[in-house]
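Each value in this text was obtained by applying a stated rule to the coordinates, not by laboratory testing. Fair warning: this is a prediction, and the values are worked out from it, not measured in the lab. No Cβ is skipped: glycine too gets one built from the backbone with ideal geometry, and neighbour counts run over all protein chains shown.
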Amino acid sequence: MPTPPRPESIAQGKRLRRLRSLLHLSQAEFAQAMDYSRVSVNYWENASNGGLTSDGAMCAIEVSKRYGLVCTLDWLLFGNGAPPYFADEMRLVDFSSASSHHAVKHQAEIVLFKKQQPNHVIYEVEKSNAVFPFIPGDLLGGAWVDASQCAGQEKFLALIETQQSPLVLCMIQRKKDQAFFKTNIQENKQQLIVLDKFVEITRWWRPG
């Protein structure tokens, strides 16, 4: 009788699948980029044969970097820290300057992001709710996702709707089904809430 996969291997597989989906790569494409077989990627994502290896995780992170996707080994293996996000080496500039080549370039990039994400949200971080690693003025890009489809129970930053504000940047952690712990970063207090949906942050631009 085969040994059932460990819960941590299942969680790692879900996080690896999430990483691959952000890159819009098939298992075969992801495997080719990592110089592994598609079977290996399939085993890792489905927690088969021991699940994701440390070497495989590090290779996946290196491939993600080529696509501009930032992911840490701590998150991929253990679910700790911020989830993967896209970050530009170039900084955003004032879009109001039509003569600026960089302004046109970055504006086009955001337009492309909106086209690729039908349920997109572009959010500007305010001083009142700036959370590390974000600072006031940062632009966050993301898309609405169904809370019931949230995988794992790690903490992550997201945008949620509240009675006081259309969108609030906060730390959330799934408890069960659509029940989540919402952490007040400033006061370090937890509150149990029910979410139908939230904005998963996948893109990050810093003005300057």
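What is the gain in length, in nm to one decimal, between residue 39 and residue 119 on full extension, counting 0.36 nm per residue of separation less the C-alpha to C-alpha distance? Kindly include the intermediate steps, with their values, before the conclusion.
On the way: separation 80, 0.36 × 80 = 28.80 nm, distance 3.23 nm.
Length gained between residue 39 and residue 119: 25.6 nm.
Can you tell me the length gained on complete extension of the stretch residue 73 to residue 146, counting 0.36 nm per residue apart and subtracting the Cα distance? Intermediate values should be presented prior to the final figure.
Details: separation 73, 0.36 × 73 = 26.28 nm, distance 2.59 nm.
Extra length available between residue 73 and residue 146 comes to 23.7 nm.
How many nm is it between the label spots at residue 54 and residue 28, if each spot is 7 Å from the Cα in line with the beta carbon?
Placing both labels 7 Å beyond Cα along the Cβ direction yields 3.3 nm.
Go through the range 127-139 residue by residue and turn each phi into a ³J(HN,Hα) via Karplus (6.51, -1.76, 1.60, θ = phi - 60°); whole Hz please, and just put x for glycine and proline.
4, 6, 9, 5, 10, 4, x, 8, 10, x, x, 4, 9
Once you keep just the Cα pairs under 8 angstrom separated by 6 or more residues, what percentage relative contact order results for the range 7-79?
Working: 75 pairs, mean separation 26.2, N = 73.
Computed value for the range 7-79: 36 percent relative contact order.
What distance in nm separates the two pseudo spin-label positions at residue 161 and residue 126, each 7 Å out from Cα along the beta-carbon direction?
Going from the residue 161 label point to the residue 126 one covers 1.8 nm.
With Cβ to Cβ distances under 14 Å as the rule, what net charge do the other residues near residue 26 carry (K, R +1; D, E -1)?
Details: positive: 17, 20, 38; negative: 29, 45.
Residues close to residue 26 contribute a combined charge of +1.
If r is the Cβ-Cβ distance from residue 6 to residue 179 and R0 is 25 Å, what FRET efficiency results, to the nearest 0.05? Please report the intermediate quantities before stating the final value.
Values: r = 24 Å, r/R0 = 0.98.
Efficiency computed from Cβ-Cβ geometry: 0.55.
Check the straight Cα-Cα distances from residue 176 and name the lysines below 16 Å, setting aside those fewer than 8 residues away within the same chain.
155, 197
Report, by chain and number, residues whose modeled amide H sits under 5 Å from the one on residue 202, excluding near sequence neighbours (fewer than 5 apart, same chain).
141, 142, 143
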